1. Within the stretch 14-25, take every residue that is at pLDDT below 85 and outside any loop (DSSP other than H, G, I, E, B) and give me the one that is most open to solvent (accessible area, probe 1.4 Å).
2. Please tell me if D172 is at pLDDT 80 or above and exposed (fewer than 13 other Cβ atoms within 10 Å of the Cβ).
3. Does K204 satisfy the condition of being crowded, with 16+ Cβ neighbours inside 10 Å, touching a residue at least 12 places away in the same chain (Cβ under 8 Å), of a type in the set (D, E, K, R) and not assigned by TED's automatic domain parsing to the domain that holds Y324?
4. So, in the stretch 214-246, how many residues would count as being surrounded by 15 or more Cβ atoms within 10 Å (Cβ to Cβ), modelled with pLDDT under 80 and of a type in the set (A, V, I, L, M, F, W, C)?
5. Out of the residues in the stretch 38-74 that are among the basic types (K, R) and part of a helix (DSSP H, G or I), which is modelled with the highest pLDDT?
6. Can you tell me which residue among L183, L149, L177, L141 is in contact with a strand residue (DSSP E or B) (Cβ under 8 Å, 6 or more places away or on another chain) and in a helix (DSSP H, G or I)?
7. Given (1) surrounded by fewer than 21 Cβ atoms within 10 Å (Cβ to Cβ); (2) over 28 Å from the mean Cα position of the chain (by Cα), where does Q264 come up short, assuming only one miss?
8. Taking the condition open to solvent by 10 Å² or more (accessible area, probe 1.4 Å), modelled with pLDDT under 80, polar (S, T, N, Q) and part of a helix (DSSP H, G or I), does T271 pass?
Amino acid sequence: MSQLDERKVKILQAVIRNYLETGEPVGSRTISKYTDLNLSSATIRNEMADLEELGYIVSPHTSAGRIPTDMAYRLYVDSLMEEKVERDREMEALKGLLIETEGKMDKLLKNVAKVLATNTNYASIVSAPQIKGTRIKFLQLSRISDDQLLVVVMVEGNVIKNNIITLGQPLDEESILKLNIMLNTYLNGLTVEEINLGMIAGLKAKAGGHSDIIANVIDAVAQVISADEDMEIYTSGATNILKYPELADKEKAGELLSTFEEKQSLARLATETLSSGETGIQVYIGEESQLNGMKDCSVVTATYDLGGGMRGSVAIVGPKRMDYEKVMDTLKGMQTELERAYNKKE
């Protein structure tokens with residue numbers, strides 16, 4: 001909309017948006033309430049008269065209100081497309097940052113697991129940070145093929161996750177753009193728990209012929225934010241605890257090593273630690289850990305908080321006669337160092 005000055009652009013955008021929402025001709029008094037220009041109705045009337053003369057709005061029949069012309073819609077859509085291109089650039093930059101950050105985080109957590117195992121002479125378990133309950137910052141739908149869309153979700157902490165949904169029928173770029181605008185307008189700042197059935201019904205109604213896509217998008221958002229099955233788990237020092245005679249017999253040793261290979265079991269332990277809401281040290285002795293292979297061990301856990309809703313867990317596994325004081329001090333120190341290392345990363 002560069003051929004119009006800023007005031008006319010804002011007034012024209014307000015006319016278009018108000019007409020899209022209500023389907024009724026738009027008057028100057030409505031626009032004076034709709035924009036942040038703080039202009040009088042008389043000034044807005046003059047600007048609207050100029051826009052009408054330029055061919056961007058027209059008065060239907062004898063109504064005092066105005067509606068957009070095809071030329072106005074074209075200018076509006078072209079402007080939205082330019083904004084989309086800019087958002088695409090920003091998303092690509094964020095994706096690149098995510099890849100870089102994920103690589104650093106992977107290396108960082110592997111080192112944490114190794115250091116813990118070495119310093120305590122026990123086994124260690126470290127989970128990658130999870131983002132449950134985090135608020136949505138940005139959503140983007142992008143075409144992969146005629147029957148597939150990529151749903152990219154950025155949440156607090158600038159963490160990006162994605163999912164793919166299958167379409168019943170192809171979508172053109174303009175429809176995808178409108179869905180992106182609508183989804184971001186209504187979902188940004190919300191957690192998955194805050195997206196209720198009433199809101200979904202409202203979104204479906206606004207989506208019109210594309211209402212079936214809304215449910216798929218909401219499901220995809222919930223999956224990428226809430227998924228635990230892909231939780232990354234890092235372990236080190238599993239063979240350390242086999243140095244202790246009470247854990248070294250063939251049956252117990254085999255059971256312990258098998259447990260360390262079962263990432264799902266370790267992920268459940270991490271999830272329970274995080275869901276407890278405790279940020280301090282937790283000690284599970286024997287069967288208290290709920291891990292069958294560790295019923296003859298003690299497990300000491302702690303959470304770390306990277307900000308933006310991202311939290312993970314750290315655990316030390318050893319014999320029941322472990323040096324609890326040393327283990328707890330080590331975990332407390334690691335909590336602090338891990339959070340500091342993450343906040344310093346570039």
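The values are calculated or read from the model by the stated rules, or taken from the named source; none is laboratory data. Computed from a prediction, not measured in an experiment: that's the story for all the values here. In this analysis, Cβ positions are derived from the backbone assuming ideal geometry, glycine residues included, and neighbour counts consider all displayed protein chains. These area figures cover heavy atoms from the full protein model, side chains too; ligands, DNA and RNA do not enter into them. Shrake-Rupley method; radii C 1.70, N 1.55, O 1.52, S 1.80 Å.
1. The qualifying residue most open to solvent (accessible area, probe 1.4 Å) is E21.
2. Taking the combined requirement at face value, the residue satisfies it.
3. Values: crowded, with 16+ Cβ neighbours inside 10 Å: yes; touching a residue at least 12 places away in the same chain (Cβ under 8 Å): no; of a type in the set (D, E, K, R): yes; not assigned by TED's automatic domain parsing to the domain that holds Y324: yes.
Taking the combined requirement at face value, the residue does not satisfy it.
4. Number satisfying all stated conditions: 6.
5. Checking each candidate, the answer is R45.
6. Of the residues listed, the single one that is in contact with a strand residue (DSSP E or B) (Cβ under 8 Å, 6 or more places away or on another chain) and in a helix (DSSP H, G or I) is L183.
7. All conditions pass for Q264, except number (2).
8. yes
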